[in-house]
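> This is the structure I want to talk about, given as structure tokens.
The values are calculated or read from the model by the stated rules, or taken from the named source; none is laboratory data. Owing to the predicted nature of the structure, the values given are computational and were not obtained by experimental measurement. Cβ placement follows ideal geometry from the backbone for every residue including glycine, while neighbour counts extend to all protein chains displayed. Side chains are part of the model used for accessible areas, which takes the heavy atoms of the whole protein and leaves out ligands, DNA and RNA. Shrake-Rupley method; radii C 1.70, N 1.55, O 1.52, S 1.80 Å.
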Amino acid sequence: MQNQFKTIESSRVRLRAFQSYDLDNFVHYRANPDVARYQSWENFTREQGVKFIEEMTKASFNSPGVYYQIAIESKETNELIGDCVMHPLKDDPTQVEIGFTLDPQFQGKGYAYEAVKRLVHSLFTDLSKHRITAITDVKNEPSIKLLERLGMRREGHFHQNIWFKGEWGSEYLYAILAEEWTRE
Ligand SMILES: CC(C)(COP(=O)(O)OP(=O)(O)OC[C@H]1O[C@@H](n2cnc3c(N)ncnc32)[C@H](O)[C@@H]1OP(=O)(O)O)[C@@H](O)C(=O)NCCC(=O)NCCS
């Protein structure tokens with residue numbers, strides 16, 4: 001049986017499994033070129049959205065090698081405002097890679113920080129993970145700011161390591177250990 005993601009929340013957001021009713025909001029923000037700029041997709045379509053949600057409702061949470069996307073919902077409106085991903089490494093699932101995306105309407109308000117902080121806390125305290133990492137384009141300033149605000153350490157700077165959307169891109173690797181995580 002697949003592992004289910006158990007809903008968690010903080011003051012303004014709820015993190016929960018994706019549902020079919022998330023489709024419209026999800027496609028709306030994923031199709032936005034500003035959201036896609038440093039992400040793997042471009043011109044995200046409704047068909048891709050349907051496939052994504054179908055895959056996520058079947059996906060197994062906290063399984064080695066599986067990228068599991070978690071919906072971020074506003075507690076005020078109960079609507080999808082973004083998502084985050086957790087990926088336990090295939091060969092060592094105590095190490096987890098994370099990522100995040102927020103609908104631009106809700107950016108600049110601390111929602112992403114609140115959601116990702118809650119996720120990281122749960123990964124360390126509920127799931128006893130050892131290390132959390134994130135990779136970001138060196139030009140993605142909001143993402144870099146968020147990772148540093150979480151207290152994550154820049155451990156790597158890869159120079160032109162990825163051929164990305166028609167040009168060479170450079171990336172930073174950020175990480176934090178369970179023993180370094182002191183948040184409540
Ligand atoms: C990366 C991303 C999620 C960051 O979103 P964000 O809203 O800027 O991030 P935060 O939640 O940390 O919000 C921080 C901003 O909210 C402001 N803010 C307002 N109220 C706040 C509050 N109560 N608490 C914290 N910050 C608050 C902060 O001052 C900060 O503003 P600034 O950017 O002007 O300094 C967003 O830019 C995004 O989705 N980008 C596209 C997808 C992407 O590239 N993802 C990363 C791939 S690695």
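> Taking a threshold of 22 Å on the Cα-Cα distance, which of the pairs Lys58/Lys90; Lys51/Lys145; Lys6/Lys58; Lys6/Lys145; Lys139/Lys165 fall above it? Write down the numbers at each step before the final one.
Values: Lys58/Lys90 19 Å; Lys51/Lys145 32 Å; Lys6/Lys58 15 Å; Lys6/Lys145 28 Å; Lys139/Lys165 14 Å.
Violating the 22 Å Cα-Cα cut-off are Lys51/Lys145; Lys6/Lys145.
> For the range 8-180, what log10 I(q)/I(0) values come out of the Debye formula at q = 0.08, 0.10, 0.16 1/Å, with one point per alpha carbon and no solvent?
These q points yield log10 I(q)/I(0) values of -0.23, -0.37, -1.02.
> Each label point is 7 Å from the Cα along the Cα-to-Cβ direction; what then is the distance between the points at Ser11 and Glu167, in nm?
So the two model labels end up 3.9 nm from each other.
> Using a 1.4 Å probe, what is the accessible area per residue for the chain, in Å²?
On the way: 10040 Å² over 184 residues.
With the other protein chains kept in place, the chain gives 55 Å² per residue.
> Given contacts defined as C-alpha pairs under 8 Å and at least six residues apart, what's the relative contact order of the chain, whole-number percent?
Details: 323 pairs, mean separation 31.9, N = 184.
Relative contact order for the chain comes out at 17 percent.
> Right, next: Dipole of the range 1-119 (Lys/Arg Cβ +1, Asp/Glu Cβ -1, origin at the Cα centre): which of Ile70, Thr7, Cys84 lies farthest to the positive side?
Going by the charge dipole, the pick is Thr7.
> Related question: Heavy atoms only, probe 1.4 angstrom, no DNA, RNA or ligands counted: give me Ser60, Ser74 ranked by accessible area, highest first.
Most to least solvent-accessible, the answer reads Ser60, Ser74.
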